[in-house]
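The structure appears below as structure tokens.
The values are calculated or read from the model by the stated rules, or taken from the named source; none is laboratory data. Keep in mind that this is a model prediction, so the values were computed, not measured. Note: accessible area is taken over every heavy atom of the protein model, side chains too, but ligands, DNA and RNA are not part of it. Shrake-Rupley method; radii C 1.70, N 1.55, O 1.52, S 1.80 Å.
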Amino acid sequence: TDPDPGVREAAVSALADASYSEEAEPVLALALATDSWPLVRAAAAAALAGRCPRPAAADALYEAVAKETNDAVRRTALIALVHCREPRLPGRLLGIARDAKLSVSLRTHAAGLLGAVPAVSRIPQIAALLATTQATDDTAPIAAKLAHALGEIGDLRAPDALVSALTHPRAPEVQHAA
């Protein structure tokens, strides 16, 4: 392990090349879980994006989403999971968007990603979360992303939730997104 985080980041980024074998996955997962530098961990998450059809890569990304303390690294891991269309992701994104212990920024990011994943079966849960997040001003950005995600999903069950968001008097951001 090189003491220079720039060298470690470059090495992790080089391992993202698809021509490298599966032997790179444990190295990338280890960098994602243990490197002291957030940029190295984010590069490892991005590198695992192309490998997540394999369970070990997806599991390493989920582990980072659950345990990572740096929101930028968590966001990169979530984007990597979106990239590989990981089937467990819609439920995890909803859980993050709901979790008031997490930063509004991370919750908003997770809510926005719901429109980029197959989440049709989650429309009732997204609509319910949209209804509850509109109630306060500090959660309006989350509600706006949820409304936008419902529109992107494009299912016949979405319009009722969107009409409700559109008529909510306290959240112009949500009205705009709906």
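Couple of notes before you dig in:
- Helical content alone sets the calculated 222 nm signal of the chain at -20000 deg cm²/dmol, taking -39,500 (n - 2.57) per DSSP H segment of four or more residues and averaging over every residue.
- Mean-position separation - Cα centroids, the range 45-101 and the range 108-129, in angstrom: 15
- The gain in end-to-end length when the A131 to H83 segment is fully stretched comes to 14.5 nm, 0.36 nm per residue minus the alpha carbon separation.
- Subtracting the Cα-Cα distance of K67 and S103 from 0.36 nm times their residue separation leaves 11.6 nm of extension gain.
- With protein chains left intact and a 1.4 Å probe, residues in the range 1-47 average 57 Å² of accessible area per residue.
- Long-range tail of P(r) for the range 1-67 (Cα pairs > 18 Å, %): 25
- Which labelled figure in (i) 26; (ii) 34; (iii) 21 is percent of Cα pairs over 30 Å apart, once derived from the coordinates: (i)
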